[in-house]
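Written below as structure tokens is the structure these notes are about.
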Amino acid sequence: MKQLLIASTSTVHGSGFLDYLLEVLKIHFKTVDTILFIPYARPGGRSHEEYTKLVQNAFSKIDKTVKGIHEYDNPKDALKSAQGIFSGGGNTFVLVDQLYKNDLMGELKTVIESGTPYLGTSAGSNICGLTIGTSNDMPIAYPKSFKTLGLVPFNINPHYLDPNPGSTHMGETRETRIQEFHHFNSQPVIGLREGSYLEVTGSKIILKGALNARIFEKHKVPYELSPEADVSDLVRQSQSASPVKQLAKKVKHLYRPVTPIYKRSKPKTIINNPLPFCIRLLN
């Protein structure tokens, strides 16, 4: 059974790294002694070693040991044997690029779906969705695919910011960018504000934290979801209400494969002497 915490951020204003989540992490990783950390996102370009040390300092407050995946000769084996996994924030494109280059995306999905507790923050949360198409990051690396773990049936926009009516900034808002995304994609998007996170237990997805989440569905006006709301119900309703899927169900029984005209057999005309035939065509 899947056990995930998908958090908007690792740090909220006025507190230290992961401080606001530590009490929750005690429970989430209660059966875990050592957490496997994936530092590939490298916030600010910091090294894997520096990032892992920062994470170790945070988890030592709840008596957990941390080991970076880069410390293993075989990172795939490290995932298979991990008691718990944490993928931190930074640049989502760099993270996904490294996961694909090390052939870890599939294995990471497998171990999480098998029940290994997982924590993602920021970029580490982005990869829990269907794609990274709603990341806020610059594409400074070019992964072979934007497709990610698909552990939840929607996309995530961490660090979601509401438009500021008094701002003189004329650039695009997050909401505008997500609406642009929906011109080319159909999956719902959940905007997670700072300090909010999703708690995934099996197929159940609950919004946690003190703030609402902003929900974006194609062809619908964006709306708010309150803490403790069951996001899994929302997604099921969205999928079942899709007009395209409803139409597909109605016409499915009417569908019968038809051989394209260009593939149908044609009677062959054998012309021994083509000259008279060509003359008739010209006349």
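Each value in this text was obtained by applying a stated rule to the coordinates, not by laboratory testing. This structure is a prediction, so every number in the text was calculated from the model and none was measured. All Cβ positions, glycine included, derive from the backbone under ideal geometry; neighbour counts span all protein chains shown.
Got a sec? Which of Ala41, Ala58 is part of a loop (DSSP other than H, G, I, E, B) and at negative phi? Ala41 is the lone residue from the list that is part of a loop (DSSP other than H, G, I, E, B) and at negative phi. Checking each residue in the range 101-127 for being buried (at least 18 other Cβ atoms within 10 Å of the Cβ) and at positive phi picks out only Ser122.
Of all residues in the range 113-157, those satisfying the criterion of being of a type in the set (Gly, Ala, Ser) and over 14 Å from the mean Cα position of the chain (by Cα) are Ser114, Gly115, Ala141.
For the range 53-90, filtering for residues that are within 23 Å of Met138 (Cα to Cα) and not hydrophobic (A, V, I, L, M, F, W, C) leaves 4.
Scan the range 158-175 and tell me whether some residue there is among the charged types (D, E, K, R) and within 14 Å of the chain's Cα centre (by Cα). No; the residues of the range 158-175 include none that is among the charged types (D, E, K, R) and within 14 Å of the chain's Cα centre (by Cα).
Here is the figure for the range 69-96: residues that are surrounded by fewer than 19 Cβ atoms within 10 Å (Cβ to Cβ) and within 20 Å of Thr134 (Cα to Cα) total 0. Scanning the range 138-149 finds no residues that are touching a Pro at 6+ places or on another chain (Cβ under 9 Å) and of a type outside the set (D, E, K, R). Do the conditions hold for Thr9, that is, is it crowded, with 18+ Cβ neighbours inside 10 Å and either of a type in the set (D, E, K, R) or under 19 Å from Glu199 (Cα atoms) (or both)? For Thr9, the condition - crowded, with 18+ Cβ neighbours inside 10 Å and either of a type in the set (D, E, K, R) or under 19 Å from Glu199 (Cα atoms) (or both) - is met.
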